[in-house]
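A short write-up of the structure that comes next.
The values are calculated or read from the model by the stated rules, or taken from the named source; none is laboratory data. On a predicted model such as this, the values are computed, not experimentally measured, just so you know. Glycine also receives a Cβ, built like all others from the backbone with ideal geometry; neighbour counts cover every protein chain displayed.
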Amino acid sequence: MASPARVYEDPGLPRSSLVVGWNDDAADLGGSVTSRLVDRLQGREFADIDPQGFFSLSGVSVERDIARFPDSTFYVSRQQELVVLKSDSPHNEWYRFLTCVLDIAEHQCKVAMLYLLGAMISLSAHTTPRQLFAVFSSHEARDDFNPQGIVADMDYQTPPGERPTLNSYLLWAAKERGIPGVSLWVTIPFYLAGARDAQAQKKVLTLLDEKLRLGLGFEDLDGEIRRQNHQLAEARSRFPDVDEYIGRLESNLILTNEERGELLKKVEHCLREGA
Amino acid sequence: MGIRLYQEPPLENPVLVASWPGIGNIGVIAVDSLRDTLGAEEFGELEPYDFFYPKRALIRDRVLECLEFPGSKLHFARTAAEDVILFIGEEQPTEGGRLYAEGRKAYHMANLVLDVADRFRCRRIYTSGAAVALTHHTAESRVWAVPNSAALIREVSAYENTVLMTDIEGRSGQGQITGMNGLLLGAARRRGVDAICLMGEIPVYLQGLPLSYPRASRSVVRVLSRALNVEAGLEKLDEMDRRVQQNIEEFYRQIPGEIRMQLDRLKHTEHDEPSEAGPITEEEEQRIVEGVQRFLKKEGGGA
């Protein structure tokens, strides 16, 4: 079977780090972070993966008024020895897809460390600092990483009736090939899941910046955080129930499903209006 | 990538019995029960990566310890009468969100199982699944048998408590065996291997419930143990059946009286003689199924 990968040019890297973000993540976390990396580091497209077989190509989806088509593109920033994969997550043939990603990582880019980005929906308020969790491919990878600012303890087992995430699958496949990696999970307040969460993006980008010495500036992101906080403050003053619900979350109280739904709806509406 | 054998057991023209999950998990429970009775030993598996998404991740102290995939395991047993290979699939390889296997992956898996059969020179293949039937849960399940060649009809007809499609009212010998349990039969025919699918009856009104139906598995095991000339212990299945029947009775009592009355008529369905109340018509069957489905939707669950 022919490889679904199309490599347009040799990225020319003696070794590199690969950051993977999925477009369909909650709060567009993976898509936003990888887009920022590509923009700031002037990443250059060098490869992609043909969607055939991995996605149900029965038409196109329309999102935010624009027709979308599944996309899996690799970018390189030679100076930073960084490779970025910004991709839709496949619907079928996962193993073949991940094998293709790792073939490019291993053979074209000599990847020495894999960073996988993911969002974790949380029931906390947006005023609570975002938390970062990490899962490593091995004890050595964990000890080398010396993770600061990451939640220290983490044991987890997929609950019955659920399935592991694509990031866990990719981390496992990388581990099988001896490529070390880390899957990073940042918390997102549930009522921002359908929007964007600039604070969560900053949390992840700060860690990548430190680890990979990327020299990223955060002025624009800080501006976005201020803007979003302002919009949320306005929503609280405009809707007393939104203020009450967020206040209860800030006090670590639980909301009912109906209250959560109401909060989500109103916040999304306010953020859309202010966009 | 494909078959991984941990050992090559010395088997003499074994019979291969395969099953995948389906309605009431009838086939899988039957084959698993046989595995237990025969003390069959695991000797290989089909590699899962081409077929399945992982089912479980285990993370300890921030390290991904393992990722588990649905199993497709091979076991063998040597008995005085027959050597037997048992294949048990934990999931059907589906595509595009479908419930049952179909398409490239399914056909590939069927052919891998047949490669195993070929390698060990299997003389016969059995698969097992469910037959959704106009029967009552208090009745003993019959076994519907479908061979993949006309030469097997005579043999199959002699099996106890077994019927052919032509024996089923209104079917005229026609039907459909969905998913892997059927596909393997077809793929075996293409390779000229004799295969028979044994389907235990499950009442039509239970088909949508998330429960196992060991009563039908027990009927399948009885047929298989005769066909393989082995002694099958049925105690565990009897016990399972008792427990499941209690749950079904509880569920049954909650069904609205009007629907239950219709279902009660199935108690009197005799397969050899016309029933007093007359046979259930196709329209009535449709009404029963719809009624139970409406009830389940309202209750938001099952037994």
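Take the residues of the range B:7-44 that are β-branched (Val, Ile, Thr) and at pLDDT 95 or above: which is nearest to B:Tyr213 (Cα to Cα)? Selected residue: B:Ile26.
Within the range A:248-275, the residues that satisfy the criterion of being in contact (Cβ under 8 Å) with a residue 40 or more places away in the chain, assigned to a helix (DSSP H, G or I) and under 16 Å from A:Ala125 (Cα atoms) are A:Leu249, A:Glu250, A:Arg260, A:Leu263, A:Leu264, A:Val267, A:Glu268, A:Leu271. Among residues of the range B:181-196 that are over 21 Å from B:Ala30 (Cα atoms), those with a Cβ under 8 angstrom from a residue that is among the polar types (S, T, N, Q) and not in a loop (DSSP other than H, G, I, E, B), sequence gap 6+ or separate chain, pair up as B:Ala187/B:Asn111.
Scanning the range A:115-135 for residues that are among the β-branched types (Val, Ile, Thr) and in a strand (DSSP E or B) turns up A:Ile121, A:Val135. Among the residues of the range B:64-84, just one is within 7 Å of chain A (Cβ to nearest Cβ) and either basic (Lys, Arg) or buried (at least 22 other Cβ atoms within 10 Å of the Cβ) (or both), namely B:Leu64.
Would you confirm whether any residue within the range A:163-174 is modelled with pLDDT under 90, within 9 Å of chain B (Cβ to nearest Cβ) and assigned to a loop (DSSP other than H, G, I, E, B)? No.
Just to check your reading of the model, which residue among B:Leu64, B:Leu58, B:Leu86 is touching a strand residue (DSSP E or B) at 6+ places or on another chain (Cβ under 6 Å) and within 24 Å of B:Ile125 (Cβ to Cβ)? Working first, answer last.
Values: B:Leu64 fails: within 24 Å of B:Ile125 (Cβ to Cβ); B:Leu58 fails: within 24 Å of B:Ile125 (Cβ to Cβ).
Result of the check over B:Leu64, B:Leu58, B:Leu86: B:Leu86.
Among the residues of the range A:136-150, are any part of a strand (DSSP E or B), crowded, with 21+ Cβ neighbours inside 10 Å and within 9 Å of chain B (Cβ to nearest Cβ)?
In the first step, residues of the range A:136-150 are kept if they are part of a strand (DSSP E or B); the result is A:136.
Filter once more, keeping what is crowded, with 21+ Cβ neighbours inside 10 Å: A:136.
Subset that is within 9 Å of chain B (Cβ to nearest Cβ): A:136.
Checked the range A:136-150: at least one residue is part of a strand (DSSP E or B), crowded, with 21+ Cβ neighbours inside 10 Å and within 9 Å of chain B (Cβ to nearest Cβ).
If the condition is being in a loop (DSSP other than H, G, I, E, B), farther than 21 Å from B:Glu90 by Cα and at pLDDT 90 or above, then the range B:165-211 contributes B:Arg191, B:Gly192, B:Val193, B:Asp194. Selection of first residues in the range A:103-131 that are crowded, with 20+ Cβ neighbours inside 10 Å and of second residues that are of a type in the set (Asp, Glu), restricted to Cβ pairs under 6 Å at least 6 apart or on distinct chains, gives the following pairs, ordered by first then second residue: A:Ala119/A:Asp25. Scanning the range B:72-88 for residues that are under 15 Å from B:Arg35 (Cα atoms) and either free of Cβ contacts under 8 Å to residues at least 40 places away in the same chain or of a type outside the set (D, E, K, R) (or both) yields B:Ser72, B:Lys73, B:Leu74, B:His75, B:Phe76, B:Ala77, B:Thr79, B:Val84, B:Ile85, B:Leu86, B:Phe87, B:Ile88. Here B:Glu91 meets each of (1) within 14 Å of chain A (Cβ to nearest Cβ); (2) without any contact (Cβ under 8 Å) to a residue 40 or more places away in the chain with one exception, condition (2). Of all residues in the range A:77-101, those satisfying the criterion of being within 14 Å of chain B (Cβ to nearest Cβ), over 13 Å from A:Trp22 (Cα atoms) and outside any helix (DSSP H, G or I) are A:Asn92, A:Glu93. You will find that of B:Ala117, B:Ala57, B:Ala130, the residue that is crowded, with 21+ Cβ neighbours inside 10 Å, in a strand (DSSP E or B) and away from chain A (no Cβ under 13 Å) is B:Ala130 and no other. Under the condition of being assigned to a helix (DSSP H, G or I) and surrounded by fewer than 18 Cβ atoms within 10 Å (Cβ to Cβ), the residues counted in the range B:212-247 number 10.
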